[in-house]
Amino acid sequence: MIHRIYFAVILALSGIILQAQNIGSSPDYIKSLTSDWKGERFPDGRPKVSDALLERLKNISIEEAWGFLRNKGYQNQYEGDWVVIHPNEPMTGRVVTAQYMPLRPDYEKYIKAQGKAEGRAQQGGTNSWPIDVLVEGDVYVADSYGKIADGTLIGDNLGNSIYAKSKRGVIFYGSVRDQEGLEEIEGFNGWIKGSDPSYIMQMSLVSINAPIRIGRATVLPGDVVLAKKYGVIFIPAYLVEELVITAEVTALRDQFGHQRLREGKYKPGEIDSQWSEEIKKDFINWLNNYPGKLPMSKQELDNYFKERNW
């Protein structure tokens, strides 16, 4: 009886170890990493933040997103100092992560064998594997430890494949080749640390959709990225909706306050401090008669004010 129990335990532990050694993270592992997300998910387990929220997020500044996340206790979600392919075109999307390391022959042998067991393409380099899993709305985020020469993860051929699948681009803590060709891919964008004409050499892909480090930031699969010419912010999926609506309401409050100050209806001290009940009612009435289209729905706005004490 004791031997049977011992054997069962060994089998269970072996299954855990084998699972942990996969190149691509399992859906259950990704769900555990992102357990605060309560909404819809992709088959691979990543949170499926809506396209509408991704579009609205483009209007949020890096500073607003950074401040919101720090108030929530997330102080390590920003990285700056990028070379941006199209600096004036912001990008948002759902993160697919990849980790690269300097090549070690015995480990590379294992990686290729495991990739074959997982059904990954055997022709070409392992740097194509993360591209194969992309779907529309994804952003390919890779840590290639800042390697520039011989560290180019993609050129324009793989860039075209990335855009065809994701309609987005890349964020690489590393480099690319053929930057001129990448610039010509309409709609594609990239945040990189440099470019070089060399090919990728002496590097191994070691994981897909596992936690990675991008400079100062810790990034999980399924995070949502806000990328602008001023830097990139990686946002936990469960906080995206609250971040967006908070920033949108803040912008509306500022617009209202500036208008009322120009009209001379209130003094600066009244607008810059805790609002009186009179100003709050005025603001609500101003929102109800807003001349354009509000960025959020009436239901979202009602829920926001219901849950917050101004």
Among Pro130, Pro47, Pro102: highest mean-square fluctuation, GNM of the chain, C-alpha pairs under 10 Å:
Pro102
Rounded to the nearest 20 debye, what is the charge dipole size of the range 51-235 about its Cα centre when +1 sits on each Lys and Arg Cβ and -1 on each Asp and Glu Cβ?
600 debye
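To the nearest 20 debye, what is the magnitude of the charge dipole of the chain about its Cα centre, counting +1 on the Cβ of each Lys and Arg and -1 on the Cβ of each Asp and Glu? Could the numbers behind the result be given before it?
Numbers: 37 positive and 40 negative charges, 143 e Å.
In debye, rounded to 20, the chain gives about 680.
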For the chain the mean separation of alpha carbon contacts under 8 Å (6+ apart) over residue count, i.e. relative contact order in percent, is 23 percent
Extension length gain for Val83 and Ser26 (0.36 nm per residue less Cα distance), in nm, is 17.3 nm
If each residue of separation counts as 0.36 nm, what is the full-extension length gain between Lys38 and Tyr230 once their alpha-carbon separation is subtracted?
66.0 nm
Given 14 as the ceiling on other Cβ atoms within 10 Å, longest exposed-site-free region of the chain for GluC sites (Glu not before Pro) in DSSP loops:
187-310
Calculate, for Lys112 and Lys165, the FRET efficiency according to 1/(1 + (r/R0)^6) with r their C-beta to C-beta distance and R0 25 Å; round to the nearest 0.05.
0.65
Using +1 at the Cβ of each Lys and Arg and -1 at the Cβ of each Asp and Glu in the chain, identify which of Ile200, Phe305, Ser26 lies farthest towards the dipole's positive end.
Ser26
Expressed in nanometres to one decimal, the distance between label points 7 Å along Cα→Cβ at Leu261 and Arg70 is 2.2 nm
Most mobile listed residue (Gln202, Gln21, Gln274) in the chain, GNM with C-alpha springs under 10 Å:
Gln274
Top mean-square fluctuation among Gly155, Gly73, Gly187, Gaussian network model of the chain, C-alpha springs under 10 Å?
Gly73
At R0 = 35 Å, how high is the FRET efficiency between Ser50 and Asp282 if r is their beta carbon distance? Nearest 0.05 is fine.
0.60
Quick one: net charge of Met201's neighbours, Cβ under 13 Å, K/R +1, D/E -1?
-1
For the pair Gln299 and Asp272, what calculated FRET efficiency results from E = 1/(1 + (r/R0)^6), where r is the Cβ-Cβ distance and R0 = 41 Å, to the nearest 0.05?
0.85
Which of the helices in the chain meet the span-like rule: DSSP H, Cα axial reach of 24 Å or more, Kyte-Doolittle mean at least -0.5?
2-20, 240-263
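Taking K and R as +1 and D and E as -1, what net charge do the other residues with C-beta under 14 Å from the C-beta of Ile284 add up to?
For residues surrounding Ile284, the net value is +3.
Throughout, read-outs are computed from the coordinates displayed, never taken from laboratory work. As the structure is a prediction and not an experimental result, all values here were calculated from the model. Don't worry about glycine lacking a Cβ; one is built from the backbone with ideal geometry, like all the others, and counts go over all protein chains shown.
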